[in-house]
Structure formats: C-alpha cells, structure tokens
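Right, one structure below, let's go through it.
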Amino acid sequence: MSQKGEDGRAVLAEVMGEAYVEARQASITDFNRPLRDFIDENCFGDVWMRPGLERKTRSLILISTLIALNRPTQVAAHVRSAVNNGASVQEISEVLYQTIAYCGLPAAADGFRVAETVLREMGVL
C-alpha cells in the first residue's frame, strides 16, 4: 500500500473508529481490494486530510450528501463518524432537518430513522 493509503487508513481509524476499521479489514477480499485501496488513498488519504474544513464539518456535509443520494448504510456510518468528529446530536438533527427541503421528505425521514438508531446504539440519544 502507498504512503497515501497508509495515511488514509490512519485517518479512517480516527474518523470511523478502530472497531469499524478492524471489521473493514477483516472483510477485504481480492475482489473488493481495489475499491478499498481507492477509498483509503483518495477519500481518506486526500479529501479528509485537506486543511480547508474541520472533520466535523466534513462529516455533516457528508450526511446531507448521502441522504440526497439515498444511501442509508453510509448515512449510518457517517452519523457515527460525525459524533466521533465532535458533532452534537443537535447539529446532526439540524442537518437532517435541512434535507427535508432540499432532498425531500421521504429521504429526510429515512435519514432521521437511520440516525436515531445509530445515536441510540452509541448511547448519545
């Protein structure tokens, strides 16, 4: 793995948590390795390392984006990362509320359901 990929994996562990990374590592196969390497090198080894935004802000933007794209599994992962990155339950709720107007009620309602489940599992709600 490249240095950029190793740096990205370290950021991934900080953003998503060690348990997430351990489970992810255990699920790597020859088939999905190119995708995982791309994520490590480009998403976390580049985008998440840029100095222009705090990680909390990146997490909140990502929640909104993933709701717009109707990706509930990724919404769950990034609600968890938002908490790990210092976002409050209120900030997450406000981002979810804003998606009502811009992504539509069904997408926002799904986002609220997913987020509430994750926040309860984390013991912050």
Output for the stretch 6-40, where each listed residue is within 21 Å of R80 (Cα to Cα) and of a type in the set (D, E): D7, E14, E18, E22, D40
Cβ-Cβ under 8 Å pairs, at least 6 apart or on other chains, the stretch 85-108 side free of Cβ contacts under 8 Å to residues at least 40 places away in the same chain, far side assigned to a loop (DSSP other than H, G, I, E, B) and aliphatic (A, V, I, L, M): V89/V124; V89/L125
Residues within the stretch 1-27 that are surrounded by 12 or more Cβ atoms within 10 Å (Cβ to Cβ) and within 16 Å of the chain's Cα centre (by Cα), tallied: 13
Selection from the stretch 32-46 of residues that are assigned to a helix (DSSP H, G or I) and of a type outside the set (A, V, I, L, M, F, W, C): R33, P34, R36, D37, D40, E41, N42
Residues located in the stretch 40-57, provided they are farther than 16 Å from D7 by Cβ and either in contact with a Cys (Cβ under 8 Å, 6 or more places away or on another chain) or surrounded by 15 or more Cβ atoms within 10 Å (Cβ to Cβ) (or both): K56, T57
Filter result for the condition that a residue is under 21 Å from Y20 (Cβ atoms) and more than 15 Å from the chain's Cα centre (by Cα), over R113, R80: R113
Filter result (outside any helix (DSSP H, G or I) and of a type in the set (V, I, T)) within the stretch 5-31: I28, T29
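Out of D30, D37, I need the residue that is at pLDDT 95 or above and buried (at least 16 other Cβ atoms within 10 Å of the Cβ). Which one?
Of D30, D37, the one residue that is at pLDDT 95 or above and buried (at least 16 other Cβ atoms within 10 Å of the Cβ) is D37.
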Check on S81, surrounded by 20 or more Cβ atoms within 10 Å (Cβ to Cβ), at pLDDT 95 or above and among the small types (G, A, S): yes
Odd one out for T73 among (1) closer than 21 Å to E6 by Cα; (2) surrounded by fewer than 14 Cβ atoms within 10 Å (Cβ to Cβ): (1)
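The values are calculated or read from the model by the stated rules, or taken from the named source; none is laboratory data. Here the structure is a predicted model, which is why all the values come from computation and not from measurement. Ideal geometry is used to build each Cβ from the backbone, glycine not excepted, and the neighbour counts take in all protein chains shown.
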